[in-house]
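What follows is one structure encoded as structure tokens, with my remarks underneath.
Since every read-out is calculated from the coordinates, none of them should be taken as a lab result. Note that the structure is a prediction, hence the values are computed from the model and not measured. Cβ placement follows ideal geometry from the backbone for every residue including glycine, while neighbour counts extend to all protein chains displayed.
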Ligand SMILES: [Zn+2]
């Protein structure tokens, strides 16, 4: 048996039988882990609030046997709550996309200091600043690179041509094709969006780019397709984000 003391961010929570709950945590020293907390549904539970999704906490996890999949939460203390971020539907949807992406792209028990740093910096930034789709796209591209799902955006995957005003995404190749090489690929992307995504993947700061609204839309459409095909799961929180981003129809 062993005890692990680590910082963590709660990615999501499931209720189980009785008063217990399961939490998916991304921890600093163990990577992604599933942990059970006892008695959190009781009104007297002090730790339930601290374990709320997207809070940054310090936990002590108990592992009875080395091959045990679900650890037990024995102690929790709050590092940062992110209450401003939690209080806004759009920023909450954006952070839910980021949490789903980390869940889908990482395996349990694989520590990754780069992902830990990207996640905690993103949460800190969104607590102090307005959360945007462009920042989510930049974060997603870095996570995809870090976890081996990096798309190929520097040139046409067939003929190698660079610098086109329009590209088509090929899910099978995880790459872009120029209009001349395109066959049945349907998702069109602007040249500026593809260049921006290549630069963001390489680690360039978002503030160095001058993105238009359409570029960001293209980036999100691309990420939805690429993640769905290569990671194998669609970001459900992206659907919520799209719904709340649609302006109300005043004609109805
Ligand atoms: Zn080509």
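Before moving on, here are some points about what is shown:
- Rg/Rh for region 82-228 stands at 0.98; both radii use Cα atoms, and Rh follows the Kirkwood definition.
- Taking the chain as a Gaussian network of alpha-carbon nodes connected by springs under 10 Å, the highest mean-square fluctuation of the residues 125, 222, 139 belongs to 125.
- Relative contact order, whole percent, for the chain stands at 15, derived from Cα pairs under 8 Å and 6 or more residues apart.
- Kirkwood hydrodynamic radius of region 133-180, from the reciprocal of the average inverse Cα-Cα distance over all distinct pairs: 11.6 Å.
- Fraction of antiparallel bridges per DSSP, region 2-81 only, in percent to nearest 5: 90 percent
- Residue 1-residue 18 pseudo-label distance in nm [points 7 Å out on the Cα-to-Cβ vector]: 1.7 nm
- Values of log10 I(q)/I(0) for region 11-122 across q = 0.11, 0.13, 0.16, 0.18 Å⁻¹ run -0.34, -0.48, -0.74, -0.95, by the Debye formula with one identical scatterer at each alpha carbon and no solvent.
- Cα pair distances of the chain binned at 5 Å [whole percent]: 1, 6, 13, 16, 17, 15, 11, 8, 6, 4, 2, 1, 0, 0
- The antiparallel fraction among DSSP beta bridges confined to the chain stands at about 90%.
- Gap separating the Cα centres of region 169-244 and region 92-148, nearest whole Å: 16 Å
- Region 57-168: C-alpha gyration tensor shape, a/c 1.5 cut-off, then a/b vs b/c: oblate
- Using only Cα coordinates, the Kirkwood hydrodynamic radius of region 68-131 works out to 13.4 Å.
- Helix 133-146 and the longest principal axis of the C-alpha atoms of the chain enclose an angle of approximately 80°.
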